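The values are calculated or read from the model by the stated rules, or taken from the named source; none is laboratory data. Treat the numbers as computed from the prediction; the structure is a model and nothing was measured. Here the Cβ positions follow ideal geometry from the backbone for every residue, glycine too, while neighbour counts run over all protein chains shown. Each accessible area value is taken on the protein alone, full model and side chains, heavy atoms only, with ligands, DNA and RNA left out. Shrake-Rupley method; radii C 1.70, N 1.55, O 1.52, S 1.80 Å.
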Amino acid sequence: DLRIYQFFLNTFYKNDEEVTTILREKDSERFALLIDIARTRMKTLKDLKDFVATPEKEERYESEQIEMAKSLSERLLAISDQDWDEENILRALKDFCMDRKVSMKIAYVLLTGKPLGLPLPQFLKYLGKEKSLTRLSRYL
């Protein structure tokens, strides 16, 4: 039951404003979507923060990171708001990786700050286009 997940997660993260903001999702369908995505990778309650936290902005980025972030941002921007779904997001991610000749881990790092995480197409759909692009804007 989702209420049980919400209760345990809220209790566990009661002092973490960023995670509790996500957990206070008013739309039960969106919360259910997040839990379904997270359950595919979470082993402990602590894992949720690692998966959903906004990556920290570093003082300085390498020019290659900046160029890759621009390239991925352009790919995601090309998806119209009404077409922002898992299939189109996955296609944009794969095209980015093929064009740049990089692994999907690079897209993970650019978007999450980590080489692995929640399934990107599902997570980016959950975040929405604007928040997904905001994650890349820290490089620009």
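Here is how the numbers come out for the structure above:
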{"quantity": "Near pairs, Cβ below 8 angstrom, 6+ apart or cross-chain, from the stretch 1-12 (farther than 17 Å from Thr44 by Cβ) to any residue that is open to solvent by 70 Å² or more (accessible area, probe 1.4 Å) and part of a helix (DSSP H, G or I)", "calculated": "Leu2/Ser28"}
{"quantity": "Checking Thr54 against (1) over 19 Å from Thr112 (Cα atoms); (2) at pLDDT below 85; (3) among the hydroxyl-bearing types (Ser, Thr, Tyr), the condition it does not meet", "calculated": "(1)"}
{"quantity": "Residues located in the stretch 129-140, provided they are farther than 19 Å from Ser103 by Cβ and open to solvent by less than 20 Å² (accessible area, probe 1.4 Å)", "calculated": "Ser132"}
{"quantity": "Matching helices (runs of 4 or more DSSP H) fully within the stretch 77-140 where at least 3 residues are among the hydrophobic types (A, V, I, L, M, F, W, C) and farther than 22 Å from Asp36 by Cβ", "calculated": "86-100, 104-112"}
{"quantity": "Hits in the stretch 84-104 - residues which are of a type outside the set (S, T, N, Q), without any contact (Cβ under 8 Å) to a residue 24 or more places away in the chain and surrounded by fewer than 13 Cβ atoms within 10 Å (Cβ to Cβ)", "calculated": "Met98, Lys101"}
{"quantity": "Enumeration of residues in the stretch 34-74 that are of a type in the set (S, T, N, Q), part of a helix (DSSP H, G or I) and surrounded by 12 or more Cβ atoms within 10 Å (Cβ to Cβ)", "calculated": "Gln65, Ser71, Ser73"}
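Table: residues versus (1) aromatic (Phe, Trp, Tyr); (2) at pLDDT below 85; (3) closer than 17 Å to Arg135 by Cβ; (4) within 13 Å of the chain's Cα centre (by Cα).
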{"residue": "Phe31", "(1), (2), (3), (4)": "yes, yes, no, no"}
{"residue": "Asp83", "(1), (2), (3), (4)": "no, no, no, no"}
{"residue": "Arg91", "(1), (2), (3), (4)": "no, no, no, no"}
{"residue": "Asp95", "(1), (2), (3), (4)": "no, no, no, no"}
{"residue": "Val109", "(1), (2), (3), (4)": "no, no, yes, yes"}
